[in-house]
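Here the structure comes first, spelled out in structure tokens, and everything after it is commentary.
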Amino acid sequence: MRAAVLSAFDAPPVYRDHPEPVASGDDEMVVRVLAAGLHHLTRSKANGAHYSSGSALPLVPGVDAVVRDEAGQLRYAALDDTRLGTFAERTVIDVRRSVLLPDGADPVRIAAAMNPAMSSWVALRRRIAFHPGRRVLVIGATGNAGRMAVQIARLLGAAQVIAAGRDESRLAALPALGADLTCTLDDIACAADVDVVLDYVWGDFSAAAMLPMLTARADRTAPLTWVQIGSMAGPTAPVPSAALRSARLQIVGSGIGSVPARDFLAELPSLAETIESGAIDVRPRPIPLAEVAEAWTATTTDRIVLLP
Ligand SMILES: NC(=O)c1ccc[n+]([C@@H]2O[C@H](COP(=O)([O-])OP(=O)(O)OC[C@H]3O[C@@H](n4cnc5c(N)ncnc54)[C@H](OP(=O)(O)O)[C@@H]3O)[C@@H](O)[C@H]2O)c1
């Protein structure tokens, strides 16, 4: 079969022949890949930067996909750490890490959205005690995951959703998706009274947002849960010590490990249904798998979806 094969951590994968996959064990199944998203997780696992990265090469990247199973059914599957990912004509899935999709489901839409949407869906439903009526700030709201976080916070009953980022022209699109307010670092104090922060940016950007927000809080003893989800501005953030003393701030992370795999998996069906219903705006950019090398380094604000 044909697959995208990565032979070095510092070079894009190459589209070439690869041995056919073989299933082993009762829960494994060889499936046909229909559409696989090129997510940040895919790239950072493949370049060795992610905490779940392995060190063995060559490997076929791809952490998830919409697939056609042996019985002809459509599934969304998330792969565990493996050297045979989803950027291939066929791969092996663990059926327990997959969910059946309705026959008419759009593979490209689901493949583009599940990973970025899962980040806020799981954070709000599994990582913290989130209740309808809470106020939410999304930092990095102009990205794929952030844009979906705005919509998901709204769907899950947030009373107010504030979208923050660095690009005012991109922020301007967010009220149409459910944001009540938008702000940059300059006016981040507008989010002073939120209950939850969903942070996709971290680094200096988020650290700089903390004191202006916290010191402007009407009630600094009101709990504020800052959920660290992504690290687009850097893997470390110089969190001011005063941030931790001046308000009732709690910083937690949400991702593989801080949320058990069984909780992620339990959320797959309801999230797939929500995406399929059209309730979340998804911006996929389908590209043939044969063009994986160009896609790997492409800069686009849409989510690239590779089609074997
Ligand atoms: N923990 C989880 O469960 C989970 C799941 C999915 C994704 N993630 C992580 O979430 C993050 C965002 O993913 P995504 O799919 O939304 O990515 P994306 O579509 O590429 O969007 C990136 C976002 O980060 C912003 N950004 C990038 N560099 C920045 C900087 N130096 N300063 C301020 N803002 C910056 C971008 O702003 P502009 O629009 O201005 O460029 C945009 O809002 C990634 O780190 C990803 O790995 C985590």
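The values are calculated or read from the model by the stated rules, or taken from the named source; none is laboratory data. Nothing here was measured: the structure is a model prediction, and the numbers come from that model. When we count neighbours, we look across all protein chains shown, and the Cβ atoms used for this are built from the backbone with ideal geometry, even at glycine. To get the accessible areas, we keep the full protein, side chains included, count just its heavy atoms, and leave off ligands, DNA and RNA. Shrake-Rupley method; radii C 1.70, N 1.55, O 1.52, S 1.80 Å.
Roughly speaking, to the nearest percent, how much of the chain's 1.4 Å accessible area is carbon and sulfur?
Using a 1.4 Å probe with all protein chains present, the chain comes out at 50 percent carbon and sulfur.
Entry note, segment 61-157: relative contact order of 22 percent, from Cα contacts under 8 Å with a spacing of 6+ residues. Here segment 265-292 is scanned for amide nitrogen atoms under 18 Å from the site 7 Å beyond the Cα of ALA298 along Cα-to-Cβ, giving 282-292. Remark: relative contact order (segment 129-253) = 23 percent; criterion is Cα-Cα distance under 8 angstrom and separation of 6 or more residues.
Which net charge results when you count Lys and Arg as +1 and Asp and Glu as -1 among the other residues whose beta-carbon is under 11 Å from that of THR225?
Around THR225, the charge tally is +1.
Here segment 110-128 is scanned for amide nitrogen atoms under 14 Å from the site 7 Å beyond the Cα of VAL252 along Cα-to-Cβ, giving 120-128. Taking the inverse of the mean reciprocal distance over all distinct Cα pairs, the Kirkwood hydrodynamic radius of the chain comes to 19.9 Å. In this calculation the C-beta distance from SER24 to GLU291 is compared with R0 = 35 Å, giving a FRET efficiency of 0.65. Count the net charge of all other residues whose Cβ sits under 11 Å from the Cβ of SER246, scoring Lys and Arg as +1 and Asp and Glu as -1. Result for the local shell: +4.
Within the shell of other residues whose beta carbon sits under 14 angstrom from the beta carbon of THR301, the net charge comes to +3, with Lys and Arg scored +1 and Asp and Glu -1. Its Cα gyration tensor gives segment 129-253 an equivalent ellipsoid, and the semi-axes of that ellipsoid, as √(5λ) in whole Å with the largest first, are 20, 17, 13. Please give the per residue accessible area of the chain, computed with a probe of 1.4 Å over protein heavy atoms only, in Å². Value returned for the chain: 43 Å² of accessible area per residue. Under the criterion of Cα pairs below 8 Å and six or more residues apart, the relative contact order for segment 1-71 equals 38 percent.
One decimal place: the segment ALA266-ALA71 gains 67.9 nm when fully extended, by the rule 0.36 nm per residue minus the C-alpha distance.
The antiparallel fraction among DSSP beta bridges confined to the chain stands at about 45%. Given their separation in residues at 0.36 nm each and the Cα-Cα distance between them, ARG32 and LEU307 gain 97.9 nm when the chain is fully extended. Where in segment 288-308 does the amide nitrogen come within less than 16 Å of the point 7 Å from the Cα of ASP281, taken along Cα to Cβ? Only 301-303 pass the distance filter. In this rough spin-label picture, where each label sits 7 Å from Cα along the Cβ direction, the ALA159-ALA176 distance is 2.9 nm.
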